[in-house]
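See structure below.
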Amino acid sequence: MVLQAHEQVKKDKKKYLSEKALEMIVEKGLSNFTMEDVAKSCGVAKGSLYTYFKNKDALIISAFGNLVERLKKVMTYEDIKSTDTAEEKAKYFAKTYNQILSDFPSDQFMRLFEILINSTHDQKMMQDLTEIFTDYYKSLLQVWESLFKSKSKALLFQAMFDGLAMYKAVGVTLPPEEFESTFKEIILKIAK
């Protein structure tokens with residue numbers, strides 16, 4: 001029982017440190033925040049961060065996991081009722097995805113890919129990233145599958161959005177208003 005309580009305290013502390021890192025990432029960017037910044041903001045010694053995270057990339061992966069949890073909550077359509085029309089659902093998702101695409105800085109996206117590539121050499125980091133992405137995509141695909149009534153359509157739709165995020169990362173963008181109206185239109189066509 002004491003061991004379980006200790007493990008929970010450790011897990012809570014790790015989550016707290018990850019949340020603080022996420023705040024730093026938002027404030028300074030992935031490349032510009034330091035382990036020392038996080039330690040200082042948490043009121044802990046820099047060395048104690050290494051008790052929880054092997055290195056800065058491991059901390060970033062954990063922070064990214066927290067971000068994904070937030071995104072999952074947004075995408076589970078808590079704001080949408082089962083009685084909402086396809087039009088209302090499409091409008092909600094188009095607006096939400098437009099916001100995600102607009103708010104997520106392209107250079108951060110490319111840094112995440114760099115971390116992903118570097119993680120292939122570290123089994124634990126790769127396992128953590130795989131779990132984050134697997135859980136995230138499972139929940140997203142369930143949302144799209146319930147709307148489109150097709151796993152294939154759900155997968156293709158999510159791949160399209162991920163592709164748009166990649167295009168943005170290399171400098172190709174659409175005006176937000178055009179994106180939102182077009183995305184809504186596509187959702188409605190796929191949902192038919």
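Side notes on the structure shown:
- Of the cross-linked pairs Lys14/Lys40; Lys10/Lys138; Lys138/Lys192, those separated by over 20 Å at the C-alpha level are Lys10/Lys138; Lys138/Lys192.
- Heavy-atom accessible surface of Val26, to the nearest 10 Å², is about 120 Å², with a 1.4 Å probe and all protein chains retained.
- Only protein atoms count toward the accessible area here, which uses a 1.4 Å probe; on the stretch 141-192, the carbon and sulfur part of that area reaches 63 percent.
- The order of Ser102, Ser48 by accessible area, most exposed first and with a 1.4 Å probe, is Ser102, Ser48.
- Heavy-atom accessible area per residue - the chain, 1.4 Å, Å²: 60
- Net charge, Val38 excluded, C-beta distance under 15 Å - Lys, Arg +1, Asp, Glu -1: +3
- In this calculation the C-beta distance from Thr134 to Val170 is compared with R0 = 45 Å, giving a FRET efficiency of 0.95.
- For the chain, the Cα gyration tensor yields ellipsoid semi-axes of 34, 20, 15 Å (square root of five times each eigenvalue, largest first, whole Å).
- Scaled radius of gyration (Cα, divided by 2.2 N^0.38 Å) that the stretch 4-59 gives: 1.09
- Volume per residue that the Cα convex hull of the stretch 123-192 spans, once the total is divided by residue count, Å³: 96
The values are calculated or read from the model by the stated rules, or taken from the named source; none is laboratory data. Model, not experiment: these values are computed from the prediction. Every residue, glycine among them, receives a Cβ derived from its backbone with ideal geometry; neighbour counts consider all protein chains shown. Heavy atoms of the whole protein, side chains included, go into the accessibility calculation; ligands, DNA and RNA do not. Shrake-Rupley method; radii C 1.70, N 1.55, O 1.52, S 1.80 Å.
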